Amino acid sequence: MAKDKEKKEKKEKKEEAAPAAAAEPAKEEAAPAPKAEEPKKKVGNVFALFNQAQIQEFKEAFTLIDQDRDGIIGADDLGAIFQQIGREADPKLIKELLAEVPDKINFTHFLTLFGEKLSGTDSESALRDAFVLFDEGKVGKLHEEYVKDLLMNVGDQFSKDEVKQVWKEAPIEGGQLDYLKFVQIIKRGKDDE
């Protein structure tokens, strides 16, 4: 009896979600794209971030994950995916995964999550704070050779060619990297210096 009630609730949710999901892309396409100088809290026009082929691939992936075809990725869908790959679905893990999103995951939300991850979500202040950790004098500049050494020998190590690529865009004067300007270039591009 509980299963029948659960199925009925899912069907009702599906019927509610279907018109909303169909209307959402049109609504988001009409939204203006965020200006480059505004800090990105959310991705504005998520459909503008991807080309049609990419959107189609995401749609296919969403359909594979949405096992019950209700237009929403939920705990049951994630559990079914775990079973398909031969793993036991840990309810705690599934709950944690779903807790990362503030709302139900429909296709538009699914695209938004990927858009945020691909466009980078670190704010200017977070990047600036990362550089400040290495700036003992708190002057907004780091010695060029020190930064090169960090890039090539710490964490995800850069190759010499990768460092050369970074240095092409980096504001370096007198052997000093102006990391405040560099953060602006990283987040906004060179036009907004």
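Observations on the structure shown:
- Taken across region 62-85, residues that are outside the structural domain of Ile186 (by TED's automatic domain parsing), among the hydroxyl-bearing types (Ser, Thr, Tyr), assigned to a helix (DSSP H, G or I) and modelled with pLDDT under 90 do not occur at all.
- Contact map, region 136-158: residues that are under 20 Å from Glu169 (Cα atoms) paired with residues that are among the acidic types (Asp, Glu) and not in a loop (DSSP other than H, G, I, E, B), Cβ distance under 6 Å, separation 6+ or inter-chain. Pairs shown: Lys141/Asp178.
- All of Ala99, Ala61 fail the test of being within 27 Å of Ala48 (Cα to Cα), among the aliphatic types (A, V, I, L, M) and surrounded by fewer than 11 Cβ atoms within 10 Å (Cβ to Cβ), apart from Ala99.
- Close Cβ contacts (under 8 Å, 6 or more residues apart or on different chains) running from residues in region 162-175 that are more than 12 Å from Leu142 (Cβ to Cβ) to residues that are in a loop (DSSP other than H, G, I, E, B) comprise Val166/Phe158.
The values are calculated or read from the model by the stated rules, or taken from the named source; none is laboratory data. Keep in mind the model is a prediction, meaning the values are calculated, not measured. Quick reminder, even Gly has a Cβ in these numbers, built from the backbone with ideal geometry, and neighbours come from all protein chains shown.
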